[in-house]
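Below is one structure, written out as structure tokens, with a few remarks after it.
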Amino acid sequence: MSTAETLPDASIRLGAQGVTRRFGELVANDRITFRAMRGTIHAIVGGNGAGKSTLMRILQGMDRPDEGMVVVDGVPTVFLGPADAFSRGIGMVHQEFMLVPGLTLLENLVLAHEPTEGLGRIDRKAALEAARKLEREAGVTLDWDTPVDDAPVHVRQIVEILRLLYRGADVLILDEPTAVLAPAQVQELIVLLRKLRAEGRTILFISHKLDEVMALADEITVIRAGQVIGTMTTADTTKAALAEMMIGEILSKPSARPSSVGRPVLEIRELAALDARRSLRLKELDLDVRAGEIVGIAGVAGNGQDEIIAAVTGLGHIERGRIVLDGKDVTKLDLRDRRELGLSYLSPDRAVEGLCLTAPISENLIAGRHRSPELSKGGILQKGAIKRHVETLLDRFSVKRTSSALPIASLSGGNQQKVAMARELDGGPKLLLACQPTRGVDIRGIAFIHQCLLDYREAGGAVLVISEELEELIALSDRIVVLYDGRVTGEVARGSAKVEELGRMMLGETRQEIPA
Amino acid sequence: MIDNIIHAAFVMTTPILLAALGGLVNRIAGIVNIGLDSMMLAGALAGLMVASLTGSWPAALLAAAFVGGFLGLLMSLTVTRLAANEIIVGLGFNIAVAGLVRFFLKSWYGTSGTLSLADVAMLPRIHIPVVANIPVLGAILSDHDPLTWAAWLLVPVSAWFLARTRLGLRLRAAGAAPHAARALGLNPLSLRDASTVFAGMMAGLAGAYLCIGVVGIFNEGITAGRGFLALAAFYFGRNRPWATALGALLFGLFDAIQIRLQGRGLPAELVQTLPYVMVIVILTLVAITVKRARNKGA
């Protein structure tokens with residue numbers, strides 16, 4: 001063996017060498033080897049269930065590999081626990097943030113490492129000084145006395161990142177950091193991470209959003225089914241190549257065939273609605289969705305989308321206006337009555353509103369349909385009939401599961417969303433209100449869900465899609481309506497929508513008429 | 001007449017306030033302490049016994065705080081380490097301690113219900129000359145014992161402690177987000193244990209106050225559910241020390257009025273329910289006001 005091989009390569013800040021982790025039969029990580037170089041941004045991409053989360057847990061000491069080692073500064077290492085990993089400068093920003101509600105941003109920053117003066121008193125001046133220093137490093141400004149609960153989600157994320165820096169981490173592991181962010185905030189995060197890289201920090205970025213990966217990463221490692229498929233520099237690859245490596249085949253893009261547009265199924269007239277803080281968020285909206293048509297609503301979060309959902313479902317109060325469903329004024333009806341008239345609602349928040357994560361898959365699938373005479377007689381659930389119904393639906397939507405009696409939390413995010421989708425399309429609704437239909441779903445799942453929506457449209461269904469993914473809206477919608485500050489700033493038909501133009505309208509510029 | 005009621009109100013407030021401040025810190029750290037009443041009862045008995053044995057009221061208070069704190073530790077460990085439900089454990093402590101006290105009185109002193117001991121050292125009263133003669137103000141400030149002064153002093157101290165100190169911050173974190181606290185290397189369970197020990201000590205002192213500050217004898221019904229009034233006080237105060245103190249004062253006032261009303265033709269049993277009825281009335285009114293304010297606010 002030559003000396004060159006035995007000397008640790010200190011330019012490798014963090015990596016894995018033959019890491020294997022098994023859970024019973026399942027091999028979550030299969031001889032994974034990769035290296036993230038010091039001062040670079042390294043992306044780990046893979047679909048749902050590829051083994052990304054297991055690898056991350058191992059890299060930050062929360063789990064130990066059955067075989068293989070974590071590599072730190074070029075040296076194979078065994079972590080005793082997360083504290084051990086942290087003492088080597090490795091910290092993680094979790095998908096669900098680890099900030100303490102009720103505390104201010106500053107208190108969260110210094111928690112567990114508080115500068116103190118006499119009597120255990122927190123030295124506020126020193127804490128604020130440290131915060132300002134981090135601000136300068138990261139190129140942001142924050143109001144540190146804001147309670148966490150009042151801070152928007154991207155600010156919380158920044159605080160979480162700064163807290164890792166405050167505590168001395170120089171390797172940041174970010175797990176799907178953009179999942180919770182609006183497009184403009186994604187750009188801010190990208191700028192922030194680049195700045196941190198420029199200061200010599202190493203960033204490990206886990207994602208399945210290839211646009212962001214291509215924009216941000218220096219090197220990319222693709223994993224699929226627990227194995228490394230390849231590592232490449234960003235300059236040497238393309239989005240399409242990555243997608244193919246991620247899923248192992250070239251997916252045909254779901255395509256929209258022309259469909260015949262029928263009568264209006266949803267008519268929204270002069271709608272205005274208050275938000276949860278009782279200020280007027282949705283100011284004026286007139287909108288029709290016709291049978292055989294998908295209408296998309298684009299906009300930065302908080303420009304009235306939530307209020308449209310509340311108004312169409314009847315889950316919130318409206319200030320004025322009318323909602324007409326299939327020719328019938330439903331403004332005063334509750335969600336149950338509206339559902340009976342043919343409304344279906346795919347919630348933007350799968351974990352809280354869309355599904356009951358602790359309940360079995362089967363119960364989630366029949367929720368809301370449990371009153372139908374085939375499934376229950378005199379208040380008694382008909383087990384046999386339910387099982388047949390559930391299995392048929394699960395097969396039709398190709399939901400991967402071991403048993404429909406298991407809690408739905410046992411499914412991957414993509415499969416959970418398929419269950420929610422299956423339930424909402426079951427029973428032939430007239431209108432589907434689909435909100436963030438592919439949030440947290442991988443490429444293959446997205447293609448499947450998009451195909452479902454397009455099939456439903458072709459069969460004469462009407463869909464109102466509210467999404468923060470512009471690509472998704474462009475792929476699905478016959479018309480895209482752009483919302484800004486509670487009003488429509490523009491409307492674009494299928495085929496003529498461009499991301500840049502939509503982006504401008506989302507920031508309040510009305511559509512420019514091209515002078516003749 | 002008014003002065004008498006005001007003075008009595010402050011006297012009846014002290015035990016509620018002591019236990020409420022303990023329970024408040026406990027709740028902020030993440031445990032709703034239903035067992036305050038049991039710690040109060042044990043503290044009352046321990047306080048009286050040591051006051052009679054040693055003739056020293058500081059020793060009596062120390063013993064009461066120790067016994068209350070010890071019960072708090074037991075309760076906390078059951079909740080934090082054995083993952084028992086805090087409500088059930090708290091109720092269990094109230095019932096078990098009441099039973100044990102009854103058993104102890106019978107087997108040790110051969111009495112049932114009431115214990116009266118010789119040479120009990122009562123808490124001294126601090127008379128402030130001149131001020132004592134000013135109407136109202138005199139009733140508020142003069143002729144109170146050291147424990148009452150300490151209880152009121154603890155109001156700003158605990159507010160400062162929770163908001164400004166390292167331990168206060170960590171207690172708040174342990175209560176609001178135990179997982180996050182643990183991920184940062186804190187031990188939320190130990191923080192909770194510490195807060196329950198504190199709550200137990202405070203409840204123990206509250207119990208001792210009833211024995212050697214007010215009546216001078218022990219009775220198995222001496223707490224009369226004041227541990228629950230304390231609970232109501234920090235719910236009323238929504239975890240803020242000054243608002244909690246106000247709640248304690250309100251309930252103390254109704255307790256004093258109730259005592260005044262006894263023997264005036266109204267059935268005593270009915271009159272005694274006054275503070276508890278007022279708890280329901282006041283908490284309901286607070287809830288309605290909060291809801292109104294929320295609906296009105298921008």
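A few remarks follow.
- Note on the range A:455-470: residues that are touching a residue at least 60 places away in the same chain (Cβ under 8 Å) and more than 22 Å from A:S260 (Cβ to Cβ) amount to 4.
- Scope the range B:123-140; condition open to solvent by less than 70 Å² (accessible area, probe 1.4 Å) and either touching a residue at least 12 places away in the same chain (Cβ under 8 Å) or under 26 Å from the mean Cα position of the chain (by Cα) (or both); matching residues: B:L123, B:P124, B:I128, B:V136, B:G138, B:A139, B:I140
- Check on A:G428, under 23 Å from A:K328 (Cβ atoms) and open to solvent by 20 Å² or more (accessible area, probe 1.4 Å): yes
- Checking B:M75 against (1) of a type outside the set (V, I, T); (2) buried (at least 24 other Cβ atoms within 10 Å of the Cβ); (3) under 24 Å from B:L115 (Cα atoms), the condition it does not meet: (3)
- Once the range A:123-160 is narrowed to residues that are in a helix (DSSP H, G or I) and among the small types (G, A, S), the residue that is farthest from A:P177 (Cα to Cα) is A:A126.
- Residue within the range A:305-321 that is outside the structural domain of A:T402 (by TED's automatic domain parsing), in contact with a Ser or Thr (Cβ under 7 Å, 6 or more places away or on another chain) and either open to solvent by less than 80 Å² (accessible area, probe 1.4 Å) or of a type in the set (K, R) (or both) present: no
- Selection of the range B:88-119 for residues being closer than 23 Å to B:D37 by Cα, open to solvent by less than 70 Å² (accessible area, probe 1.4 Å) and of a type in the set (A, V, I, L, M, F, W, C) yields B:V89, B:F93, B:A96, B:V97, B:A98, B:V101, B:F104, B:L105, B:L115, B:L117.
- For the range A:107-122, the tally of residues that are open to solvent by less than 40 Å² (accessible area, probe 1.4 Å) and either more than 10 Å from chain B (Cβ to nearest Cβ) or assigned to a loop (DSSP other than H, G, I, E, B) (or both) stands at 5.
- Which numbered condition A:V72 misses (of (1) of a type in the set (A, V, I, L, M); (2) surrounded by 19 or more Cβ atoms within 10 Å (Cβ to Cβ); (3) under 20 Å from A:E160 (Cβ atoms); (4) touching a residue at least 40 places away in the same chain (Cβ under 8 Å)): (3)
- Test: residue in the range A:161-173 that is in a strand (DSSP E or B), touching a Lys or Arg at 6+ places or on another chain (Cβ under 8 Å) and crowded, with 20+ Cβ neighbours inside 10 Å: yes
- Restricting the range A:471-482 to residues that are among the hydrophobic types (A, V, I, L, M, F, W, C) and out of contact with any strand residue (DSSP E or B) (no Cβ under 6 Å at 6 or more places or on another chain), the residue that is nearest to A:E319 (Cα to Cα): A:I474
- Qualifying residues in the range B:171-187 (those that are crowded, with 22+ Cβ neighbours inside 10 Å and assigned to a helix (DSSP H, G or I)) - the one farthest from the other protein chains (Cβ to nearest Cβ): B:L171
- Single condition B:R164 does not satisfy, out of (1) closer than 22 Å to B:F93 by Cβ; (2) within 14 Å of chain A (Cβ to nearest Cβ); (3) charged (D, E, K, R): (1)
- Candidate set from the range A:287-304 (those that are in a loop (DSSP other than H, G, I, E, B) and in contact with a strand residue (DSSP E or B) (Cβ under 9 Å, 6 or more places away or on another chain)); member that is surrounded by the fewest Cβ atoms within 10 Å (Cβ to Cβ): A:G302
- Checked against (1) closer than 23 Å to A:G47 by Cβ; (2) touching a strand residue (DSSP E or B) at 6+ places or on another chain (Cβ under 9 Å), A:T358 passes all but condition (1).
- Residue within the range B:220-243 that is open to solvent by 60 Å² or more (accessible area, probe 1.4 Å), touching a residue at least 60 places away in the same chain (Cβ under 8 Å), out of contact with any Pro (no Cβ under 7 Å at 6 or more places or on another chain) and under 30 Å from B:A121 (Cβ atoms) present: yes
- Residues of the range A:463-486 satisfying the condition of being surrounded by fewer than 16 Cβ atoms within 10 Å (Cβ to Cβ) and farther than 27 Å from A:Q451 by Cβ: A:D485
- Of the residues B:G47, B:G55, the single one that is in contact with a helix residue (DSSP H, G or I) (Cβ under 9 Å, 6 or more places away or on another chain), over 30 Å from B:I134 (Cβ atoms) and touching a residue at least 60 places away in the same chain (Cβ under 8 Å) is B:G47.
- Among the numbered conditions (1) within 14 Å of chain A (Cβ to nearest Cβ); (2) at pLDDT 90 or above; (3) exposed (fewer than 11 other Cβ atoms within 10 Å of the Cβ), the only one that B:I280 does not meet is (1).
- Within the range A:138-147, being in contact (Cβ under 8 Å) with a residue 40 or more places away in the chain and open to solvent by less than 40 Å² (accessible area, probe 1.4 Å) holds for A:A138, A:V140, A:W144, A:T146.
The rows are residues; the columns are (1) open to solvent by 20 Å² or more (accessible area, probe 1.4 Å); (2) within 27 Å of A:E471 (Cβ to Cβ); (3) in a loop (DSSP other than H, G, I, E, B); (4) within 14 Å of another protein chain (Cβ to nearest Cβ).
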| site | (1), (2), (3), (4) |
| --- | --- |
| A:E244 | yes, yes, no, no |
| A:V261 | yes, yes, yes, no |
| A:V265 | no, yes, no, no |
| A:I268 | no, yes, no, no |
| A:R277 | yes, no, yes, yes |
| A:L282 | no, yes, no, no |
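- Residue within the range A:124-136 that is at the interface with chain B (Cβ under 10 Å from one of its Cβ atoms), surrounded by fewer than 19 Cβ atoms within 10 Å (Cβ to Cβ) and under 29 Å from A:V191 (Cβ atoms) present: no
- For the range B:188-206, the count of residues that are in contact with a helix residue (DSSP H, G or I) (Cβ under 7 Å, 6 or more places away or on another chain), of a type in the set (K, R) and within 14 Å of chain A (Cβ to nearest Cβ) is zero.
- The range A:23-69, subset basic (K, R) and at pLDDT 90 or above, residue surrounded by the most Cβ atoms within 10 Å (Cβ to Cβ): A:R35
- Once the range A:180-210 is narrowed to residues that are part of a helix (DSSP H, G or I), under 29 Å from A:R224 (Cβ atoms) and in contact (Cβ under 8 Å) with a residue 60 or more places away in the chain, the residue that is most open to solvent (accessible area, probe 1.4 Å) is A:R194.
The values are calculated or read from the model by the stated rules, or taken from the named source; none is laboratory data. Keep in mind that this is a model prediction, so the values were computed, not measured. With ideal geometry, Cβ positions are generated from the backbone for all residues, glycine too; neighbour counts draw on all protein chains shown. The area values use the complete protein model at the heavy-atom level, side chains included, leaving out ligands, DNA and RNA. Shrake-Rupley method; radii C 1.70, N 1.55, O 1.52, S 1.80 Å.
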